[in-house]
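These notes concern the structure reproduced below.
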Amino acid sequence: LFGHEKGAFTGATVRTAGAFERANGGTLLLDEVSEMRMDLQAKLLRVIQEQEFDRVGGTQSIKVDVRVVATTNRNLKDEVQAGRFRGDLYYRLNVMPIRTPALRERADDIPRLVNFFLHRTAHIYGIPLPTVPPETMRLLQQHPWPGNVRELANAVERAVILSRSPVLLPAAFEES
């Protein structure tokens, strides 16, 4: 996140800009922020509040103007109450909360997503675009998808690779 100076530690042979420095003037996405260690949460809070940070091994603060977007699959309020997430950081990050419903809550999106992943997979592997009959699509729409869109993407790719068929029947999505 913060980069390092040359010589800051063994193997630091060049100065390296961190994510905040590279995102200066733009937006930085912090994916799964709830997984961040408490010591890093304190450093993150400082850079968000003060708009400055120090590189590892550095002696001068670096000013940045960065919009932070943070994602999590956990309820951060619950994490704060359990002592696993800093309350002050939660309130800094919770300026404009946007809840994205889980894929199981938006089954109507699944056909469009499947179509997108089919096109992408066929393009990557240089194969003809397979079709998904209605019974297969119904099966996909009924699945709970605990891994959300990433799980669906992987399931489509796996089905295309393993089936090698122009039509993806429900059996193509059975996990082995």
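So if the hydrodynamic radius of the stretch 50-96 is defined as the Kirkwood radius over C-alpha pairs, what does Stokes-Einstein give as its diffusion coefficient at 4 °C and 1.567 mPa s, in µm² per second?
Rounded to a whole number, D works out at 102 µm²/s.
Averaged across orientations, what area in nm² does the convex hull of the alpha carbons in the stretch 105-151 project?
Computed as one quarter of the Cα hull surface, the answer is 3.3 nm².
Give me the dipole magnitude in Debye, nearest 20, for the stretch 1-153 about the Cα centre, with unit charges on the beta carbon: positive for Lys and Arg, negative for Asp and Glu.
100
Show which aspartates and glutamates lie in cross-link reach of Lys43 when reach means a straight Cα distance below 13 angstrom and same-chain residues fewer than eight apart are skipped.
Partners found: Glu52, Asp54, Asp88.
Could you tell me what percent of the DSSP beta bridges with both partners in the stretch 1-129 are antiparallel, to the nearest 5?
Bridges in the stretch 1-129 are about 45 percent antiparallel.
In square angstrom, what is the accessible area per residue of the chain with a 1.4 angstrom probe?
Value for the chain: 65 Å² per residue.
Run through the stretch 1-94 and list the trypsin sites (Lys or Arg not before Pro) located in a DSSP loop whose Cβ has at most 16 other Cβ atoms within 10 Å.
Within the stretch 1-94, the qualifying trypsin sites (Lys or Arg not before Pro) (loop, at most 16 other Cβ atoms within 10 Å) are Lys6, Arg15, Arg37, Arg74, Arg84.
Quick check: from the Cα gyration tensor, does the stretch 1-45 come out rounded (a/c under 1.5), prolate or oblate?
Taking the square roots of the gyration eigenvalues as a ≥ b ≥ c, the stretch 1-45 is oblate.
If you compute percent of Cα pairs over 26 Å apart for the structure shown, which of (1) 32; (2) 38; (3) 52 do you land on?
(3)
Leaving ligands, DNA and RNA out of it, report the carbon-plus-sulfur percent of the accessible area of the chain at a 1.4 Å probe.
Carbon and sulfur: 51 percent of the exposed surface of the chain.
About the Cα centre, and with charges only on the beta carbon of Lys, Arg (+1) and Asp, Glu (-1), how big is the dipole of the stretch 80-125? Nearest 20 debye, please.
Dipole of the stretch 80-125, to the nearest 20 debye: 140 debye.
Find how many whole Å separate the alpha carbon centroid of the stretch 121-176 from the alpha carbon centroid of the stretch 1-45.
The stretch 1-45 and the stretch 121-176 have Cα centres separated by 37 Å.
The values are calculated or read from the model by the stated rules, or taken from the named source; none is laboratory data. Computed from a predicted structure; not experimentally measured. Every residue, glycine among them, receives a Cβ derived from its backbone with ideal geometry; neighbour counts consider all protein chains shown. To get the accessible areas, we keep the full protein, side chains included, count just its heavy atoms, and leave off ligands, DNA and RNA. Shrake-Rupley method; radii C 1.70, N 1.55, O 1.52, S 1.80 Å.
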